[in-house]
Amino acid sequence: MSGWVKAVGMVSSLGGLLPAAAAFRAGMAMPSAAPDFELFLKGDEEPSPVSVHAAGAATLGFSGVGRLVALLVEALVDLGAREDLRAPGAGVGLYLVLPDPEERGFTTSKEPDEEDPDAVSERVSLLVDRLVKGAWQGLGLPTWRGPVRAFHAGNVAFAQALAAAEEDLRNRKVETALLCAVDSLLPQETLQLLNQQRRLKTPGRPTGLMAGEAAVALVLTREPPAEPGVTVVRVAEGRDARPLDAEQPPDGQELTRQVLAALGPLAPDTPPPLLVSDHDGQYARAYEWGMLQVRLRDRDARFERCAVWMPAKGFGHTGVASGAVATALAFRALQRGYAPAPSILVLSSADAGERAVIHLAAARKRGA
């Protein structure tokens, strides 16, 4: 283990970290009608609303880059209640998990007639500049001058950022890592894209995702915080040959490999882990999830007793922030002692084929 989660801040449709974790634990959800998006169903004379999971007043009136800035500011404010953000040292690295603006239907350009670059890395780089500048100015914080790294590989982006932050901590490239993940699928342009791709759950399409939005800010350190501490045991990554939108969905084999790699050997008297899945109601994810269950139970009968959490039930599909939302819920459960297992695995499947699993556990200080 090389990373300890020191503090977490969050904003979501269920509020900040503390109320959101409590509400999710209680099985609550607060979907609402999308304010600027309706669909006409065949035979209907009036449009039908589409349910989404909005972050409430935090994003009211914002779209595009501005909406992401508003979400990130709220997450950092929530984190600031537990961690001093006013004077980050030179040894603090910033790891940003962001969507590709093109996939969300907005541009990072400030001028209306100016187009975004063709390369996704360049688009995300522009988004990083505007997001960091806007969020830090909005909070009245000094301009960020430490190292910044960006990750945008869909649902696995947070796991990639976490693995990179752990490596930088281990190699002493940074003293502390601040990981920020933010995404929103609620703007009208994004909902239109999702509906055109037949991925959106609507009154006329019961199989699909419910759009959500969230931001998470997490502090990772080398040294354990005050007990109870939560450690990142391992991050396992791989790639499935078939993307989730393939004609034949992934068979769960690659995801199974990463689950077993992240978990490591399961001792004879050890209970199975809690699995936190990014399954969101889409058919391909459901198929992969079902195949994963079969393969895990074939390996060890104890996997049949695994407790399962699916954050999308409470928060909707939160895009590249989904892994961070799951990690925040896992952190709170381990910290407060109500997790149904001593180990938690956060499972992420990217549309393009990447798979990642984060293993989190409650742990005592070294030598304690």
- Note on the structure: Residue hits (the range 77-99; among the acidic types (Asp, Glu) and either surrounded by fewer than 17 Cβ atoms within 10 Å (Cβ to Cβ) or more than 18 Å from LEU131 (Cβ to Cβ) (or both)) are GLU83, ASP84
- Item | Among residues of the range 39-62, those that are in contact with a strand residue (DSSP E or B) (Cβ under 6 Å, 6 or more places away or on another chain) and surrounded by fewer than 19 Cβ atoms within 10 Å (Cβ to Cβ), counted | 5
- Query: Does GLU189 count as open to solvent by 10 Å² or more (accessible area, probe 1.4 Å), under 23 Å from ALA7 (Cβ atoms) and assigned to a helix (DSSP H, G or I)?
  - Reply: no
- Which of the residues belonging to the range 137-157 are open to solvent by less than 70 Å² (accessible area, probe 1.4 Å), part of a helix (DSSP H, G or I) and within 24 Å of ARG86 (Cα to Cα)? GLY138
- Query: Among (1) touching a Leu at 6+ places or on another chain (Cβ under 8 Å); (2) open to solvent by 10 Å² or more (accessible area, probe 1.4 Å), which single condition is LEU18 missing?
  - Reply: (1)
- Filtered residues of the range 304-324 (kept if open to solvent by 10 Å² or more (accessible area, probe 1.4 Å) and aromatic (Phe, Trp, Tyr)): TRP309
- Item | Within the range 63-115, tally of residues that are part of a loop (DSSP other than H, G, I, E, B) and touching a Pro at 6+ places or on another chain (Cβ under 9 Å) | 8
- With respect to ALA286, is the statement that it is outside any loop (DSSP other than H, G, I, E, B), exposed (fewer than 15 other Cβ atoms within 10 Å of the Cβ) and of a type in the set (A, V, I, L, M) true? yes
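Which of the following residues is basic (Lys, Arg), in contact with a strand residue (DSSP E or B) (Cβ under 9 Å, 6 or more places away or on another chain) and over 19 Å from PHE315 (Cβ atoms): ARG67, ARG86, ARG82, ARG104? Talk me through it step by step, then tell me what you get.
Numbers: ARG67 fails: over 19 Å from PHE315 (Cβ atoms); ARG86 fails: in contact with a strand residue (DSSP E or B) (Cβ under 9 Å, 6 or more places away or on another chain); ARG104 fails: over 19 Å from PHE315 (Cβ atoms).
Being basic (Lys, Arg), in contact with a strand residue (DSSP E or B) (Cβ under 9 Å, 6 or more places away or on another chain) and over 19 Å from PHE315 (Cβ atoms) holds for just one of ARG67, ARG86, ARG82, ARG104, which is ARG82.
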- Looking at (1) in a helix (DSSP H, G or I); (2) within 19 Å of the chain's Cα centre (by Cα); (3) surrounded by 15 or more Cβ atoms within 10 Å (Cβ to Cβ), which is the only condition THR256 fails? (2)
- Among (1) part of a loop (DSSP other than H, G, I, E, B); (2) in contact (Cβ under 8 Å) with a residue 12 or more places away in the chain; (3) open to solvent by 50 Å² or more (accessible area, probe 1.4 Å) - the single one ASP278 does not satisfy: (3)
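The values are calculated or read from the model by the stated rules, or taken from the named source; none is laboratory data. Fair warning: this is a prediction, and the values are worked out from it, not measured in the lab. Please note: Cβ atoms are built from the backbone with ideal geometry, for glycine as well, and neighbour counts cover all protein chains shown. These accessible areas exclude ligands, DNA and RNA; they are computed on the full protein's heavy atoms, side chains included. Shrake-Rupley method; radii C 1.70, N 1.55, O 1.52, S 1.80 Å.
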